[in-house]
Each structure stands twice: as C-alpha cells, then as structure tokens.
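Note sheet for the following structure.
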Amino acid sequence: SGGEVTKEEMLQIQKERLQKIVFNMAQMLDPWVEGNRADFMTKMNAYGEELCKCSFGDQLLAVIANIYLIQAKRALGGLAGFKATMQMQKQKVKSNMSVTSAAMKVMQAHFEMKRLNDEEKKREARRQETAGE
C-alpha cells in the first residue's frame, strides 16, 4: 500500500539527517575551532536570544544546555559518567512531564476558548431572537 516506508528507507533517511546535522554543527563550531572564540560567542548568544523569543524557546534552550552538560560528563566516564547517565534518565522523565504539562495547558486553554465562543454564540442568538420579536 502507498505511503509506507521500509526499514531500509527509514535508516537511509536517518543517515541523511545525521549527515546534515554533523555538517551544520561543524559549520557552527568552525569559528571556535579556528580560535575566533569571541565571534563564536557573539553568534551563539544571538542565536540563543533568537530561540528564546520562540514559543517554549527558553525552556528548550535550558533542556539542550542540560543535555550537553550531562553528555560531556558521560564522555568523561568513571563515577561522574555513571552519575551523568542517571541524570540523563531523570532529565528524560522530567522533559516528558514538562511536555505533557504544556500540552495539557494548551488543551485547557482551547476548551476555555471554545466554551467562551459557545457562550457568545448563545448570547448573540438570544439577542437576535429578542430583536426579531
């Protein structure tokens, strides 16, 4: 049937995504690697400020920063690496809870807006009935 993706196609898509991410990350890190750290920090600060303006941007940046910190500790290994692995598991649960909480707030706001809209429609219908009499 149409639209189905095979496991091999999914693996190829994932490989291409990973290659693109590696390329973009390498370009982003070039100023730092080349020793132009001030330029790198200026660009990253501007990028961070831009992301903070997005919906959930500040929370997203906090999660990303925490993940980078934990991954660095994991890469060092030893007891700190083990502790970092445990922190990563905790962070996953915390992130899932945050996303669920945000989704619930959006859903509640949607239902509240619908309720208010329905009430307004009822008031308008009553006004039209009264005006028609």
*Are there GluC sites (Glu not before Pro) in segment 1-84 that DSSP marks as loop and that have at most 14 other Cβ atoms within 10 Å, and which are they?*
GLU4, GLU34
*Between PHE40, PHE56, PHE111, find the one with the highest GNM mean-square fluctuation for the chain; connect C-alpha pairs within less than 10 Å.*
PHE111
*Per residue, how many Å² of accessible area does segment 22-133 show with a 1.4 Å probe?*
83
*Tell me, in nm to one decimal, what length is gained between CYS54 and ARG123 on full extension, where the rule is 0.36 nm per residue of separation less the Cα-Cα distance?*
21.2 nm
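So what's the back-of-envelope 222 nm ellipticity for the chain, counting only DSSP H runs of four-plus at -39500 (n - 2.57) apiece and dividing by all residues, rounded to 500?
-32000 deg cm²/dmol
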*asked:* Could you identify which residue out of VAL99, VAL33, VAL63 has the top mean-square fluctuation in a GNM of the chain using Cα springs shorter than 10 Å?
replied: VAL33
*Determine by what factor the alpha-carbon radius of gyration of the chain differs from 2.2 N^0.38 Å, reporting the quotient.*
1.73
*Residue-wise HN-Hα coupling along segment 60-69, computed from phi with Karplus coefficients 6.51, -1.76, 1.60 (Hz; x: Gly, Pro)*: 4, 4, 5, 5, 4, 4, 5, 5, 4, 4
*asked:* Need the list of lysines near LYS90 for cross-linking: C-alpha distance under 23 angstrom, and skip anything on the same chain fewer than eight residues off.
replied: LYS73, LYS105
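Could you tell me which trypsin sites (Lys or Arg not before Pro) in segment 36-133 are loop residues by DSSP with no more than 16 other beta carbons within 10 angstrom of their beta carbon? Write down the numbers at each step before the final one.
On the way: sites: ARG37, LYS43, LYS53, LYS73, ARG74, LYS83, LYS90, LYS92, LYS94, LYS105, LYS114, ARG115, LYS121, LYS122, ARG123, ARG126, ARG127; in loops: LYS53.
Here the trypsin sites (Lys or Arg not before Pro) that fit, given the DSSP loop and packing criteria, are LYS53.
The values are calculated or read from the model by the stated rules, or taken from the named source; none is laboratory data. Just so we're clear, the structure is a prediction, and the values are computed from it rather than from any experiment. Virtual Cβ from ideal backbone geometry, glycine too; neighbours counted across all protein chains shown. Quick note on the areas: whole protein, heavy atoms, side chains included, nothing else; ligands and nucleic acids left out. Shrake-Rupley method; radii C 1.70, N 1.55, O 1.52, S 1.80 Å.
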